[in-house]
Amino acid sequence: MVHDRYQNYDSFDGISHQLCTQHLLRDLEDAAQSYPQAIWPGQIARELRALIHAANLARGQGLAVVPDEAITGHLRLFRHGVNAGLSAVRRVPGATSKQPPARHLLECLKHREADVLRFLTDTAIPPTSNQAERDLRPAKTQQKISGRLRSEKTTRDQYAIRGYASTAAKHGHQIFTAIRDALAGNPWIPPVPGTA
């Protein structure tokens, strides 16, 4: 599951997490503004972008995993930036949860590195939740314009159609063909994960 660092997502058992790198990059931009003299926010962001680029290249080549030689130097600089940031942004003594936002970010990058960089070990995992957010955007726009969604049944039907069309498109099928076939009683069914 690709998501931001909202703590409730961590309560789901039996799933792998990929922290959305787009959200992390935004948080790093905020850290760069909060600590304008610091080098670490820019260094971490630069190396994270380089790792995403390496994953995109590997995915484009049909590789399941990003080769070590493509990421070793970037990983070293990423980790160095995180450690430098942790040295510069100290914990507030006596406070358990009320720490500077940059400290929370840096601790996440350090202690949840596997969840931050999971896209390197499985190129089928997207590094961001951008596509999922794009899929939801039309419904959120409708809600903002009218101040509400339509009836619950209409909203469920609309989401079912949008979800079906989006999934078909992500598997390389023409959306209109998939919808036409579904209406004709011959719906396209996505493959079971691990069998395609």
Report summary line: The condition of being over 21 Å from the mean Cα position of the chain (by Cα), of a type in the set (D, E, K, R) and more than 18 Å from A124 (Cβ to Cβ) holds, among R79, R90, only for R90
Report task. Go through (1) modelled with pLDDT under 95; (2) over 21 Å from L120 (Cα atoms) one by one and return the number of the condition A32 breaks. Result -> (1)
Query raised in the report: Residue check: is V89 surrounded by 10 or more Cβ atoms within 10 Å (Cβ to Cβ), among the aliphatic types (A, V, I, L, M), at pLDDT 85 or above and touching a strand residue (DSSP E or B) at 6+ places or on another chain (Cβ under 7 Å)?
Result: no
Query raised in the report: Going through the range 35-70 one residue at a time, which ones are assigned to a loop (DSSP other than H, G, I, E, B) and either without any contact (Cβ under 8 Å) to a residue 40 or more places away in the chain or on the phi > 0 side of the Ramachandran plot (or both)?
Result: P36, Q37, Q61, G62, P67
Query raised in the report: Across the range 9-27, what is the number of residues that are in a helix (DSSP H, G or I) and either more than 15 Å from the chain's Cα centre (by Cα) or of a type in the set (F, W, Y) (or both)?
Result: 2
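Condition check ((1) surrounded by 10 or more Cβ atoms within 10 Å (Cβ to Cβ); (2) at pLDDT 90 or above; (3) assigned to a helix (DSSP H, G or I)) across all residues:
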site: L77; (1), (2), (3): yes, yes, yes
site: Q99; (1), (2), (3): yes, no, no
site: L120; (1), (2), (3): yes, yes, yes
site: P127; (1), (2), (3): yes, no, no
site: A132; (1), (2), (3): yes, no, yes
site: L136; (1), (2), (3): yes, no, yes
Query raised in the report: Just a yes or no: is a residue in the range 42-59 modelled with pLDDT under 95, under 30 Å from G163 (Cβ atoms) and either among the polar types (S, T, N, Q) or in the same structural domain as G163 (by TED's automatic domain parsing) (or both)?
Result: yes
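The values are calculated or read from the model by the stated rules, or taken from the named source; none is laboratory data. This is a predicted model, so every value here is computed, not measured. Cβ atoms come from the backbone with ideal geometry, glycine included; neighbour counts cover every protein chain shown.
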